Amino acid sequence: RRAMDDPPLEAIVLLLDLVVVVALLIRVMATNATRCEAAPLRGEGGQQLPWSRALAPSDSKCMAPSAVGDEGAFAPSLDVLEAAALLGGLGLPRGGFELVLEQTGLRFLRKPLSSSANQFLTEGIAECTDAEFLELWTDATFRHEWDAGLASLAPVAGGGGALCHVVKYPYPLSNRHYLYDRSVHALPNGTTVIICATAAPRLAQCGLERVPGSVLCAHFHSLTAMRPARDGSGRCEYAMLTLDQQPLPLPGFLLDLLLNRTYPAYMASVQDAVRRIAGRRLPASAAVQPPARP
């Protein structure tokens, strides 16, 4: 029988992270750090935050929730429609978002929701096709090749198809991991959508939410939309909107410091991966020509 004073491993990891934050701020920032629970996500004023409907535990234990409707019928969900609508605002002002990084063909914006929750929006034009851009994010083997910030990405054993995504954090912070169900939707208008919805609540029911040496980010939801560029260049227009709540609150300036330290390098690796995946295509001039007739 576990002794009453024997703290769980996850609580120890969170406490170490809290000590690091305190040292960085030279003052006590929090006194009661607990693991994220599968409860509706709310902002500082108590308002329910976007996508919190996706955080409710499933009644089907570890099985992924079913989204199957009438056979052969196409009925896009609200998430799919919301993701597709992101492409309508490419390059335009985004209400409530603040610019973090801007490069040629790329914008990265942040919208604070609470002391620990943010929405992140990345949008732009990638120098590859939409099919190649889709492969960039859904091919785990290839992602391990280009994403230096990825510790691991693999299905959860017994998790009903859920993925466990472990992200490296700068020392001395602990790694973070995300548990989500991923689905890909092809719309009739040529837009492709990727939805990553948290699976942490249902996996917690089966004791599958823990990763040694990492802290769970239970509140997570991501929408990605892509389509062939409207200028006919063969490139890909995309927008990626993510809701992320960290298990410990971070002040805005510290979060900005982390983003400025990590995100430019991350997007540089994404752009390098785009070049690599586009380079797999055989140039037309090098295509094998049929032998000339005698």
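The values are calculated or read from the model by the stated rules, or taken from the named source; none is laboratory data. Since this is a predicted model, take the numbers as computed values, not measurements. Cβ coordinates were reconstructed from backbone atoms using ideal geometry, including for glycine residues, and neighbour counts include every protein chain displayed. All accessible areas refer to the heavy atoms of the entire protein, side chains included, with ligands and DNA or RNA removed. Shrake-Rupley method; radii C 1.70, N 1.55, O 1.52, S 1.80 Å.
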Of all residues in segment 95-122, count the ones that are in contact (Cβ under 8 Å) with a residue 60 or more places away in the chain and of a type in the set (Lys, Arg). 1
Residue that is touching a residue at least 24 places away in the same chain (Cβ under 8 Å), assigned to a loop (DSSP other than H, G, I, E, B) and of a type outside the set (Val, Ile, Thr), where the choices are Leu203, Leu223, Leu208, Leu179: Leu208
Of the residues Val215, Val167, which is without any contact (Cβ under 8 Å) to a residue 24 or more places away in the chain, of a type outside the set (Gly, Ala, Ser) and under 19 Å from Ala117 (Cα atoms)? Val167
For Ala287, are the conditions met, namely being over 28 Å from Val193 (Cα atoms) and either modelled with pLDDT of 85 or more or among the small types (Gly, Ala, Ser) (or both)? yes
Kindly list, by first and then second residue, each pair from a residue in segment 81-93 that is assigned to a loop (DSSP other than H, G, I, E, B) to a residue that is acidic (Asp, Glu) and buried (at least 17 other Cβ atoms within 10 Å of the Cβ), limited to pairs with Cβ atoms under 8 Å and residues at least 6 apart or on different chains. Leu90/Glu123; Leu90/Glu237; Gly91/Glu123
Show the residue pairs that are 6+ apart or on different chains and have beta-carbon atoms under 6 Å apart, the first residue being within segment 260-283 and open to solvent by 50 Å² or more (accessible area, probe 1.4 Å), the second being not aliphatic (A, V, I, L, M). Tyr266/Gly149
Within segment 209-221, how many residues turn out to be surrounded by fewer than 23 Cβ atoms within 10 Å (Cβ to Cβ) and within 24 Å of Asp139 (Cβ to Cβ)? 3
Take the residues of segment 151-207 that are modelled with pLDDT under 90 and either hydrophobic (A, V, I, L, M, F, W, C) or within 19 Å of Leu241 (Cβ to Cβ) (or both): which is most open to solvent (accessible area, probe 1.4 Å)? Cys206
Within segment 222-243, track down each residue that is open to solvent by less than 20 Å² (accessible area, probe 1.4 Å) and within 16 Å of Arg110 (Cα to Cα). Ser222, Leu223, Thr224, Ala239, Leu241, Leu243
Odd one out for Ala148, checked against (1) open to solvent by less than 40 Å² (accessible area, probe 1.4 Å); (2) among the small types (Gly, Ala, Ser); (3) touching a residue at least 60 places away in the same chain (Cβ under 8 Å): (1)
Filter result for the condition that a residue is at pLDDT 85 or above and open to solvent by less than 40 Å² (accessible area, probe 1.4 Å), over Leu99, Leu90, Leu113, Leu49: Leu113
Which strands (runs of 3 or more DSSP E) does segment 111-171 wholly contain that include 3 or more residues that are under 27 Å from Cys206 (Cα atoms)? 150-155, 163-167
